[in-house]
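These notes concern the structure reproduced below.
The values are calculated or read from the model by the stated rules, or taken from the named source; none is laboratory data. For clarity, every value in this text was computed on a predicted model and none was experimentally measured. Positions of Cβ are generated from backbone atoms using ideal geometry, with glycine treated the same way; all protein chains shown enter the neighbour counts. These area figures cover heavy atoms from the full protein model, side chains too; ligands, DNA and RNA do not enter into them. Shrake-Rupley method; radii C 1.70, N 1.55, O 1.52, S 1.80 Å.
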Amino acid sequence: MAKNKKKINRWNYLIFTVFVAFIIGSYFLNFDLGARIGSNFMIFARDMISILPPAFILIGLFDVWVSRESIENNFGHTSGFKKYIYAILLAATTVGGTFVAFPVANTLYHKGANYSSIFTYVTAASLVMIPMSIMEASILGIKFTAIRIGVSLPLVIISSIILGNFFTRIGYKIPKAE
Amino acid sequence: MYTLYYIAGIAVLISFFADREKTIKGLKIGWKKFSKILGTYLKLLIILSFILLISDQFIINYLGGQAPFVGLIMGLIIGSITMMPGFIAYPLAGILVSRGVNYMVVAAFITTLMLVGVATYPVEKEYFGIKATIWRNIAGFIISALIAVATGVLYGEVLV
C-alpha cells in the first residue's frame with residue numbers, strides 16, 4: 001500500500017512537470033488557451049505557496065504539543081455540545097480554507113476528536129471563515145451573509161451528528177495521513 | 001499574504017525555546033505529512049487550472065435570465081463542479097446580483113462553491129477516505145440547497 005502511494009506520488013510529480021512545461025511552452029508559442037490555463041495556475045499556486053508550507057509546520061507542532069487528553073476532552077466523546085462550538089470557532093479562525101482544514105481535521109481525528117466534531121469543523125471552515133465572510137458581506141450585503149451563516153450553522157451541526165452516528169455505527173476508520 | 005509564515009515562524013521560535021527536541025520532532029512530522037500529500041496537491045492545482053477556464057461570462061449567461069427554480073438547480077451544479085478563490089467568486093457574485101439574478105440563485109452558487117468540492121475530491125479522500133468524502137459532499141449539497149431556498153424566502157423571492 002505504502003509503495004503504491006509512493007508510485008502514485010511519482011506519477012503526480014511527472015504529470016506536474018509535463019504540465020508546467022506545457023504552460024511555459026504555451027507562453028513562448030503564444031498558445032492562448034495554454035496561457036490562460038497558466039494564469040489560472042498562478043492564481044491557485046500563489047495561494048498554495050503562501051498557505052501550505054507554514055500550515056504543515058503548525059500542524060507538526062500541534063501534533064507534538066497538544067495532548068491527546070485535551071483533544072478528547074474538547075472534541076471527543078467526553079465533550080458534550082461544546083465541541084461543536086469549539087469546532088466552529090476553530091473553523092472561523094482557520095487561515096487558508098479547506099486546503100488547510102482537511103489535514104487539520106485528520107490530525108484532530110487521530111488525536112481523539114470524534115466524527116461529528118471534525119465534520120462540523122471542516123464544513124464550517126468552508127462556510128464561516130472570517131476574512132471570506134467579511135469580503136462577502138461587503139459585496140453582497142450583511143443581510144446575505146447573516147442569512148447564510150445563520151441558516152447554515154444549525155444545519156452543519158445536525159448533519160455532522162447524523163453523519164457521525166452513521167460512521168460510528170458502521171465502524172468506519174479515517175485513513176491516517178502520516 | 002505571508003501572514004501564515006510569520007505565525008509559523010513565531011510558533012517555531014517559541015516552541016524551540018520551550019523544548020528543542022520536541023520542536024525538531026514536530027517539524028519532522030510536519031515535513032513528512034507535507035511531502036506525502038504534496039503530489040496530490042499538485043494534481044489538484046492542475047485540475048483547478050482547467051476548471052477556472054469556465055469563464056465568468058459562461059456563469060453569468062447560465063445563471064442569468066433563468067426561471068428561479070432552474071437557476072437554483074444550475075447554481076447548485078455549477079457551484080459544485082467549479083472552484084475559485086474568494087477574490088474571484090465574490091466580485092462575480094456581485095455582478096450576478098447587479099444583473100438582477102435572484103439572491104437565491106447566487107446563494108446556491110456561492111454556497112456549493114465553498115461547501116461541495118468535486119474538484120478537491122483527490123485531496124479530501126486522502127484525509128477522510130472515500131466513503132466519508134462522498135457522504136460529506138452529499139450533505140454539503142443538501143445544506144446548500146436549503147440555505148439557497150431560505151435565502152430566497154427571506155428576500156421575498158420565493159413565496160411560501
Q. Here is a list of conditions, (1) under 21 Å from the mean Cα position of the chain (by Cα); (2) more than 7 Å from chain B (Cβ to nearest Cβ); (3) at pLDDT 90 or above; (4) open to solvent by 30 Å² or more (accessible area, probe 1.4 Å), and residue A:74 meets all of them except one; can you say which number that is?
A. (3)
Q. Hey, among B:88, B:130, which residue is more than 7 Å from chain A (Cβ to nearest Cβ), surrounded by fewer than 22 Cβ atoms within 10 Å (Cβ to Cβ) and closer than 20 Å to residue A:37 by Cα?
A. B:88
Q | Among (1) closer than 16 Å to residue B:69 by Cβ; (2) surrounded by fewer than 21 Cβ atoms within 10 Å (Cβ to Cβ) - the single one residue B:105 does not satisfy | A | (2)
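Among the listed residues A:152, A:126, identify the single one that is of a type in the set (Gly, Ala, Ser), under 20 Å from residue B:113 (Cβ atoms), under 14 Å from the mean Cα position of the chain (by Cα) and within 12 Å of chain B (Cβ to nearest Cβ). Walk me through it before giving the result.
Values: A:152 fails: under 14 Å from the mean Cα position of the chain (by Cα).
After applying the criteria, what remains is A:126.
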Q) Tell me, which residue of segment A:7-21 that is open to solvent by 80 Å² or more (accessible area, probe 1.4 Å) and either over 29 Å from the mean Cα position of the chain (by Cα) or more than 9 Å from chain B (Cβ to nearest Cβ) (or both) is farthest from residue B:45 (Cα to Cα)? A) A:7
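Would you check if residue B:91 is within 22 Å of residue A:122 (Cβ to Cβ), part of a helix (DSSP H, G or I) and out of contact with any Gly (no Cβ under 9 Å at 6 or more places or on another chain)?
Numbers: within 22 Å of residue A:122 (Cβ to Cβ): no; part of a helix (DSSP H, G or I): yes; out of contact with any Gly (no Cβ under 9 Å at 6 or more places or on another chain): yes.
Taking the combined requirement at face value, the residue does not satisfy it.
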Q: Among what's in segment B:8-50 and is in contact (Cβ under 8 Å) with a residue 24 or more places away in the chain and open to solvent by 30 Å² or more (accessible area, probe 1.4 Å), pick the residue that is farthest from the other protein chains (Cβ to nearest Cβ).
A: B:47
Q.
I'm told residue B:80 meets every condition in (1) free of Cβ contacts under 8 Å to residues at least 60 places away in the same chain; (2) touching a Ser or Thr at 6+ places or on another chain (Cβ under 9 Å); (3) surrounded by 16 or more Cβ atoms within 10 Å (Cβ to Cβ) except one. Can you identify the failing condition by its number?
A. (1)
Q) All but one of (1) open to solvent by less than 50 Å² (accessible area, probe 1.4 Å); (2) in a helix (DSSP H, G or I); (3) more than 7 Å from every other protein chain (Cβ to nearest Cβ) hold for residue B:139; which doesn't? A) (3)
Q: Determine whether segment B:60-68 contains at least one residue that is under 30 Å from residue A:175 (Cα atoms) and open to solvent by 40 Å² or more (accessible area, probe 1.4 Å).
A: no
Q. Taking residue A:80, is it surrounded by fewer than 19 Cβ atoms within 10 Å (Cβ to Cβ), over 21 Å from the mean Cα position of the chain (by Cα) and modelled with pLDDT under 90?
A. yes
